[in-house]
Ligand code: NOJ
């Protein structure tokens, strides 16, 4: 089974800007996190993945770093970081920090130097090219709209930026850059970090020559930099220089565009690259032709096929991570559940799925109380650079229908996940005493932590129970996975099995009652209840499932 702590852990993601503001400036901070650690301890999580807290001009909320060893002033000081980490460790909570090294900020001293002249010692830290016939060097587009190249007058060349023009891509071909990265990693490990989440880890290696991409794709050029030619060599080198020196260090790569075959290399049980990957297939299913703001309805069978494929194909070969939401994704209950009538039932059902699959589950802040998407009327209320740039490019300059675009933003936009954490029903949801940097979701009076803690039937207490059970059940963590009734468009039914111990998971993905027929291998077996979001006597049987019902039964092969 290749057991280790990060396979058995449940990880909670904090987006510090939106978690808790301790000093009344409307922006979350490190002291705010420290104040809420008892809350996380109560929930029972094992580790926190903390989104970037480093010095940054905040063009992309900290994913544009200008000092990899400094703390963002709005978030506090290095002393605040040390205290936060100490308090986490005191409570047995590990800390995973975010490593953003596909690019830096254009305000990082490396780039400030690099852009000065062609013979500057830092020139080769970034990717500079001559234009072609007065145009960008190739047709690649940025993930934040427009060309991936920015012209810089000082040296009459272009630099590459796969994200905003304030996020120039670092040149991983340069061994000195890679050395710098490993030094940064060792700096944070020496400070006590227990692992890294590796931002856009699949994109470090660009195909030499930087050829034009297929113009038919939504992200033009991505076939030349996702899982690029040297990517595994780079991760082997990182492993040897960092991970190998610190046994137990956890790494999770954000690997957009990763296939099963690639995942087996990145996160193989003995490939020595990273601990696990975030795959993207289930969160890109709605995109028509890969276009995030052009969406379709996805039949349940398609969603199930993707989830099940990652379960069965990595089993025994590589390690999965499991997520339904993060700071780049909308709220899971709004996306796959029902965020009105059956909000509680459907949120519980979705996390029953997450916590009964093989892999390491991640819970993004606010998911444990069933926070929902937000519908701001005005584009001005959105802060996310991806939303703002896409609006400008598509609606203001591209003539697209503003209503259709707004619908897409309401469904998929990143700010859905970034509205401040809803702690209580007081003004600003207990997040801050000042107007927050991004407006609070108006439903904070009904949906908040205080309410959840007072309600024994809340999503919070159910999540806590799921986490507790996860810690108790090796079958939930390591068991193999068999799906039943694959064509069923209402139910997701699967069994997890480890030796003699089995968990049958039955999930109703609809707001209607649904007939359930017990699969043949479980017929005649006795069972006990593992968990359910409704009253349940624990005996597996043919029956009618209630709206968004989740039922997990524990049974043994040898039982009559
Ligand atoms: C992925 C991060 O999760 C996202 O928030 C960011 O905008 C991009 N990488 C660029 O760093």
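Laid out as a table, the results:
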read-out: Along principal axes, Cα extents of the range 280-345, largest first, whole Å; value: 39, 31, 26
read-out: Rounded to 5, the percent of DSSP beta bridges in the chain classed as antiparallel; value: 65
read-out: The range 469-528: translational diffusion in µm²/s, Stokes-Einstein, Kirkwood Rh over Cα pairs, 25 °C, 0.890 mPa s; value: 193
read-out: Alpha-carbon Rg/Rh ratio, for the chain, with Rh computed the Kirkwood way; value: 0.96
read-out: P(r) histogram, all alpha-carbon pairs of the range 214-306 included - 10 Å bins from 0, percent; value: 15, 38, 29, 15, 3
read-out: Cα shape, the range 116-172, gyration tensor, a/c 1.5 rule; value: oblate
read-out: For q = 0.18 Å⁻¹, Debye-computed log10 I/I(0) when each Cα of the range 377-527 counts as one equal scatterer; value: -1.07
read-out: Mean projected area in nm² (Cα convex hull; one quarter of hull surface) for the range 484-560; value: 4.7
read-out: Gyration tensor (alpha-carbon) shape descriptor, the range 513-556, a/c threshold 1.5; value: oblate
read-out: Cβ-based exposure ranking for 132, 525, 450, in which fewest neighbours within 10 Å come first; value: 132, 450, 525
read-out: Surface/4 of the Cα convex hull for the range 1-145, nm²; value: 12.8
read-out: Whole-Å distance, taken between Cα centres, linking the range 76-90 and the range 1-36; value: 12
read-out: Crossing angle, helix 459-472 versus the chain [Cα axis fit, 0-90 degrees, rounded to tens]; value: 80
read-out: Inter-label distance, nm, simple model (7 Å from Cα along the C-beta direction), residue 455/residue 152; value: 5.2
read-out: Neighbour-count order for 255, 141, 482, 77, fewest beta carbons within 10 angstrom listed first; value: 77, 482, 141, 255
read-out: Gyration tensor verdict on the range 156-285 (Cα atoms; rounded if a/c is under 1.5, prolate if a/b is larger than b/c, oblate otherwise); value: oblate
read-out: Residues listed by number, the range 289-330, amide nitrogen under 12 Å from residue 214 label point at 7 Å toward C-beta; value: 289-290
read-out: Degrees, to the nearest 10: 402-412 long Cα axis against longest axis of the chain; value: 60
read-out: Sorted by Cβ density within 10 Å, fewest first, the residues 34, 544, 558; value: 558, 544, 34
read-out: The range 382-434 and the range 495-527: distance between their alpha carbon centers, rounded to Å; value: 39
read-out: Value in Å of the Kirkwood radius, where the range 429-491 supplies the Cα pairs that are averaged; value: 15.7
read-out: Folded to 0 to 90 degrees: helix 300-314 orientation relative to the chain principal axis, Cα; value: 80
read-out: Estimated FRET transfer efficiency (residue 542, residue 404; beta-carbon r; R0 45 Å; 0.05); value: 0.55
read-out: Relative contact order [Cα under 8 Å, 6+ residues apart], the chain, whole percent; value: 13
read-out: The range 346-388: projected area of the alpha-carbon convex hull, averaged over directions, in nm²; value: 4.5
read-out: Using a Förster distance of 41 Å, the FRET efficiency for residue 392-residue 523 (Cβ separation, nearest 0.05); value: 0.10
read-out: Computed Rg/Rh of the range 319-415, alpha carbon atoms with Kirkwood Rh; value: 1.05
read-out: Residue-span extension gain [residue 378 to residue 190] - 0.36 nm each, minus C-alpha spacing; value: 63.1 nm
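Each reported figure results from applying straightforward, stated rules to the coordinates on display, with no laboratory input. All values reported here derive from a predicted model rather than from experimental measurement. Here the Cβ is made from the backbone with ideal geometry for all residues, glycine too, and neighbour counts use every protein chain on show.
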